[in-house]
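**Student:** First, the structure itself, so that you have it in front of you.
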């Protein structure tokens, strides 16, 4: 559910800013999340109470992570994302959003769970952190 919250949150925040999101699903699972820009990479896990690690350009670890990420991304599946997402209606928005993601990415989402309860959709919405922005 954290991955779905991340995807939903990224598109909602993108629709509110000038940032353009590109989300690629790797074929190999890792509990680590990598976020970065031209200056650094931040490595975190899903638990917000755990510390992360930041590596800067010029550091050997940064170069190694970037090489591995680029290699994996070469074999990964980029998601086609809806142009915009809204969180005005909460759970109904999340459901509509993922229905559209599945339509746009039928092969990549074929094994995704479709049977979430409203409570689970609510957790995805809450974890995305898009309200009160």
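**Student:** Do you know which residues across the range 27-45 are modelled with pLDDT of 80 or more and in a loop (DSSP other than H, G, I, E, B)?
**Tutor:** 31, 32, 37, 38, 39, 45
**Student:** Let me confirm something: among 28, 54, which residue is in contact with a strand residue (DSSP E or B) (Cβ under 8 Å, 6 or more places away or on another chain) and not assigned by TED's automatic domain parsing to the domain that holds residue 118?
**Tutor:** 54
**Student:** Also: Are any residues in the range 51-61 surrounded by fewer than 14 Cβ atoms within 10 Å (Cβ to Cβ) and either touching a helix residue (DSSP H, G or I) at 6+ places or on another chain (Cβ under 8 Å) or modelled with pLDDT under 90 (or both), and if so, which ones?
**Tutor:** Here is the first cut: in the range 51-61, the residues surrounded by fewer than 14 Cβ atoms within 10 Å (Cβ to Cβ) are 51-53, 56-61.
The answer is 56, and nothing else.
**Student:** Filter the range 92-107 for residues that are surrounded by fewer than 17 Cβ atoms within 10 Å (Cβ to Cβ) and within 18 Å of residue 23 (Cα to Cα) and give the result.
**Tutor:** 99, 100, 102, 103, 104, 106, 107
**Student:** Taking the conditions exactly as written (surrounded by 14 or more Cβ atoms within 10 Å (Cβ to Cβ) and touching a helix residue (DSSP H, G or I) at 6+ places or on another chain (Cβ under 9 Å)), does residue 44 satisfy them or not? Even if it seems obvious, please write down each step before you answer.
**Tutor:** On the way: surrounded by 14 or more Cβ atoms within 10 Å (Cβ to Cβ): yes; touching a helix residue (DSSP H, G or I) at 6+ places or on another chain (Cβ under 9 Å): no.
Criteria not met by residue 44.
**Student:** Any residue in the range 78-91 that is surrounded by 15 or more Cβ atoms within 10 Å (Cβ to Cβ) and over 19 Å from residue 124 (Cα atoms)?
**Tutor:** Within the range 78-91, none of the residues are surrounded by 15 or more Cβ atoms within 10 Å (Cβ to Cβ) and over 19 Å from residue 124 (Cα atoms).
**Student:** Kindly establish whether residue 120 is more than 16 Å from residue 24 (Cα to Cα), in the same structural domain as residue 6 (by TED's automatic domain parsing) and either surrounded by fewer than 10 Cβ atoms within 10 Å (Cβ to Cβ) or touching a strand residue (DSSP E or B) at 6+ places or on another chain (Cβ under 6 Å) (or both).
**Tutor:** Answer is no for this residue.
**Student:** Being part of a loop (DSSP other than H, G, I, E, B) and touching a strand residue (DSSP E or B) at 6+ places or on another chain (Cβ under 7 Å) is the filter; apply it to the range 71-112 and report the residue that is nearest to residue 15 (Cα to Cα). Steps first, please.
**Tutor:** We begin by selecting, within the range 71-112, every residue part of a loop (DSSP other than H, G, I, E, B); these are 74-76, 79-90, 105-112.
Of the ones still in play, those that are also touching a strand residue (DSSP E or B) at 6+ places or on another chain (Cβ under 7 Å) are 76, 79, 108.
On the way: 76: 24, 79: 16, 108: 23 Å.
Here the residue is 79.
The values are calculated or read from the model by the stated rules, or taken from the named source; none is laboratory data. Worth saying up front: this structure is predicted, and the values here are computed from it rather than measured. Here Cβ is always computed from backbone atoms with ideal geometry, including for glycine, and neighbour counts include all displayed protein chains.
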